[in-house]
Amino acid sequence: MQKVEAPRIKPSPIADAKLQTKILDLLRQALNYKQLKKGANEVLKNLDKGICELVILAADCDPIEIVANIPIKCEEKNVSYCFVSTQASLGRACGISRPVVAASIVQSEGSQLKTQIIEMKDLIDQLFI
C-alpha cells in the first residue's frame, strides 16, 4: 500500500530580504520596549485577547501545521502577519539562541514604536495585493 502525502501548505506572504531585515529590526526594538511575545501559544493567546499589532511567522517551520492556524486567526482579528525565511533568524531577533516559529508585537500605551509598527503594517499589507 502506497503512502499518500498530504499536500504541503505554502507559507504566504513571505517577506523579501529587504523587508525581512526591517521586520527583524523592528522585532529587536519591540524586545527592548517589552512589546514582544515569542512562540505559537503566546501569539495565539494574545490574538484571542485582541492585543496583537503584528504577527511574524517562520516559513521553514516543520511541520508547517504548527503555525497553520495562526494566519486564519490573524485574518479573523484583522491583524497583519508575514512569514520570514528561517526560525533561526526569528529566534535571534527575539533575543534568544533557540529557533522561534512565531512572534508578535503587542500593543502598549504610549509606545515609541507606534509609527514604525503602522509603517510595517502598511508594507506587509502590500504583500497581499
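Worth a mention:
- Checking each residue in segment 76-124 for being farther than 19 Å from A40 by Cβ, touching a Leu at 6+ places or on another chain (Cβ under 7 Å) and among the charged types (D, E, K, R) picks out only K121.
- In segment 1-102, counting only helices (runs of 4 or more DSSP H) that sit wholly within it, the ones holding 2 or more residues that are more than 13 Å from the chain's Cα centre (by Cα) and in contact (Cβ under 8 Å) with a residue 40 or more places away in the chain span 17-32.
- For segment 107-129, filtering for residues that are part of a loop (DSSP other than H, G, I, E, B) and surrounded by 15 or more Cβ atoms within 10 Å (Cβ to Cβ) leaves 3.
- Subset of segment 11-23 (residues that are crowded, with 16+ Cβ neighbours inside 10 Å and over 17 Å from Q112 (Cα atoms)): P11, P13, A15, L19, Q20
- Qualifying residue in segment 93-104 (condition: of a type in the set (S, T, N, Q), modelled with pLDDT of 95 or more and under 27 Å from I129 (Cβ atoms)): yes
- Whichever residue in segment 74-106 is more than 20 Å from I118 (Cα to Cα) and of a type in the set (K, R) and, among such residues, is surrounded by the most Cβ atoms within 10 Å (Cβ to Cβ): R92
- Test result for G91, touching a Lys or Arg at 6+ places or on another chain (Cβ under 6 Å) and not hydroxyl-bearing (S, T, Y): yes
The values are calculated or read from the model by the stated rules, or taken from the named source; none is laboratory data. What you see is a predicted model; the values in this text were computed from it and never measured. Neighbour counts run over all protein chains shown; Cβ positions are idealised from the backbone, glycine included.
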